[in-house]
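Engineer: Have a look at this one.
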Amino acid sequence: MHHPCETAERLVSPNHRLPEVIRWNALTRCVSILDQTRLPGEVCYRECDRVQKVWDAIVSLTVRGAPAIGIAAAYGVCLAARDNDSSSRQAVVAAIDHLATSRPTAVNLFWALDRMRVVLQNTPDDQDLLAPLVAEALAIHQQDRDLCAAIGCFGAARLIDERRVFERGGEPITFITHCNAGALATGGQGTALSPIYDLHAHGRNVRVLADETRPLLQGSRLTAWELQQMGVPVTVITDSMAGWEMRMGQVDAVIVGADRIAANGDAANKIGTYSLAVLARHHDIPFFVAAPHSTFDLELSRGDLIPIEHRGADEVRRGFGRLTAPADCDVLNPAFDVTPAELITAIITDLGVIESPTTESVAAVIARD
């Protein structure tokens, strides 16, 4: 059967207006990572020639977004085999184990590292190790481009079917999104933003309300900048404005990404996503999650089993260098929350759309991989 999105156009590419997030330099055998902590003010790259530098880039949020973290980690494993000598195998094992400690919530990290481990196991001791590892990392990167394009295709078609969203006459269709789940978070054109890019590219009148996304402002710093580069109308709002915008009839749909999705459809995403889902349900607004099949963790039956990363207090107290809370005040800083499947209208994946997600409906789509 022909896959309906096999020929989906890749709207965001290395030749587009957005800089590449990650690239492998075959000449220097290094990884270049776009430093997203410097955006939107400056576009610059970190050159990583050691595994530790990639680990640091992941932990410091230089690279972020579940798919992009997985891609960066795959290239990071390659750095351990640069010398391609007798100690490389042990170095690669150590690199995989070390990179796995960088961030606990995004399952794409472990999915990519598992693939690199399989390559290691399948490469005989007396054969070149670096080349097959690089080939696998490049394949993971290319696959993510394809997955993002498919999500855009399936998602655009599903949103067009959402009667509430497209019965607006000449008014723009307005989406709220949270954090950044666009090209900056992936190897392709994004997850949550991918359907919006498809709609925009095909002439639909769309606009985005980008939640600021406290405490590190990935929405205002990254999503708004990215959308501007792509020519999509965007307005930044503070996280606390979302409910009022819904109440005033200014929102047609919510669409967010995910870092891990349990077998029953519960989805972990940037802290604040659960609040949006509750608000959307109260205002009868559809709430969509967009993620590739690699974000599903079918080993976890429900969302409260997903490990939640807790980050340092100074990200809240001194987010951008200025003290904004008492220096000795206790701080809670979970990086993610979990939205129950019952609040999710549908999950848009590269394999199809999971309506009203349950354990059964998730398995029916994801089991096809």
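Engineer: With θ set to phi - 60°, apply the Karplus curve 6.51 cos²θ - 1.76 cosθ + 1.60 along region 341-349 and write out the HN-Hα couplings as whole Hz, x wherever there is a Gly or Pro.
Structural biologist: For region 341-349, the Karplus curve yields 4, 5, 9, 9, 5, 6, 10, 8, 10 Hz.
Engineer: Can you give me the long-range amide H partners of Asp259? Hydrogens built in the peptide plane at 1.01 Å from N, cutoff under 5 Å, separation of 5 or more residues or another chain.
Structural biologist: Close amide H contacts, sequence-distant or interchain: Ala268, Asn269.
Engineer: Then there is this: Return the long-range amide H neighbours of Cys30 (sequence gap of 5 or more, or a different chain), with a cut-off of under 5 Å between placed amide H atoms.
Structural biologist: Distant-sequence amide H within range of Cys30: Asn25.
Engineer: Hey, of (i) 0.93; (ii) 1.05; (iii) 0.96, which did the structure itself give for Rg/Rh (Cα atoms, Kirkwood Rh) when calculated?
Structural biologist: The value computed from this structure is option (iii).
Engineer: Where does the chain land at 222 nm, in deg cm²/dmol rounded to the nearest 500, when only DSSP H runs of n ≥ 4 count, each adding -39500 (n - 2.57), divided by all residues?
Structural biologist: After summing the helix terms and dividing by the residues of the chain, the value is -10500 deg cm²/dmol.
Engineer: Taking amide H positions as placed in the peptide plane 1.01 Å from N, state which residues far from Thr191 in sequence (5 or more) or on other chains have amide H under 5 Å from it.
Structural biologist: Gly182
Engineer: Follow-up question, since we're still on this one. In whole Hz, with x marking every Gly and Pro, tabulate ³J(HN,Hα) for region 230-240 from phi via Karplus 6.51 cos²θ - 1.76 cosθ + 1.60, θ = phi - 60°.
Structural biologist: 8, x, 9, x, 9, 10, 7, 10, 6, 4, 6
Engineer: Still on this structure, please answer the following. If packing is taken as the average number of other Cβ atoms within 10 Å across a peptide's residues, how do 45-52, 69-76 rank, most packed first?
Structural biologist: With the highest mean Cβ count within 10 Å placed first, the list reads 69-76, 45-52.
Engineer: Would region 152-366 count as rounded, prolate or oblate if I go by the C-alpha gyration tensor, calling it rounded below 1.5 in a/c and otherwise prolate when a/b exceeds b/c, oblate otherwise?
Structural biologist: oblate
Engineer: Just tell me, in residue order, which DSSP H segments of the chain are both 18 angstrom or longer along the helix axis (alpha-carbon based) and at least 0.0 in mean Kyte-Doolittle hydropathy. Kindly include the intermediate steps, with their values, before the conclusion.
Structural biologist: On the way: long enough: 66-79 (20 Å, 1.77); 107-122 (23 Å, 0.41); 130-161 (47 Å, 0.73).
Qualifying helices: 66-79, 107-122, 130-161.
Here, each number is a calculation from the coordinates, and none is a lab measurement. Bear in mind that the values here come from a model prediction, so they are computed numbers and not experimental data. Positions of Cβ are backbone-derived with ideal geometry, glycine not excepted, and every protein chain shown enters the neighbour counts.
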